[in-house]
């Protein structure tokens, strides 16, 4: 059962739709702003990947399954962890508005993760997604847009 509201982060980018799409779907680019530990990624429905992230003495083996892809518009994937119960999905949606690209990221819990793990608290998720999109991805896109 899910007891959390979705986490929604919106950000405008002054670059092309193509550059934002590639940043969120190209393995080489994702390693630069998202998770450097990602070992494989393809924006194809049904594609599965797994990679480990270590925080203090805990291991989080990310298990992602791509559920939906509409090129240059939307990608949705299931997000679970090998070591913990719980299930979620993340949706990246892109819209062109006035020569800018609006990215809307929605992280939604389907089944709660353990409440005693700090990284699974809602505040941690909100903080993490805001950092990833509004700081890390924004800096990455500014860098690649100036090349």
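Bear in mind that the values in this text are calculations on the coordinates, not laboratory data. Everything quoted here is computed from the prediction, not taken from an experiment. Don't worry about glycine lacking a Cβ; one is built from the backbone with ideal geometry, like all the others, and counts go over all protein chains shown.
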Discussion item. If each DSSP helix of 4+ residues adds -39,500 (n - 2.57) and the sum is divided by the residues in the chain, what number results at 222 nm, nearest 500 deg cm²/dmol?
Written reply: -6000 deg cm²/dmol
Practice prompt. For residue 28 and residue 74, calculate 0.36 nm times their separation in residues minus their Cα-Cα distance, and state this gained length in nm to one decimal.
Written response: 14.6 nm
Practice prompt. Provide the descending list of Cα extents for the stretch 9-80 along its principal axes, expressed in whole angstroms.
Written response: 40, 26, 23
Worksheet item: For residue 82 and residue 146, what does the FRET efficiency come to when R0 = 22 Å and r is the distance between their Cβ atoms, rounded to the nearest 0.05?
Response: 0.05
Practice prompt. For the chain, set up a Gaussian network in which alpha carbons nearer than 10 Å are linked by springs, and say which option among 37, 127, 89 fluctuates the most.
Written response: 127
Worksheet entry | Contact order relative to length of the chain, as percent, for alpha carbon pairs under 8 angstrom and 6 or more apart | 28
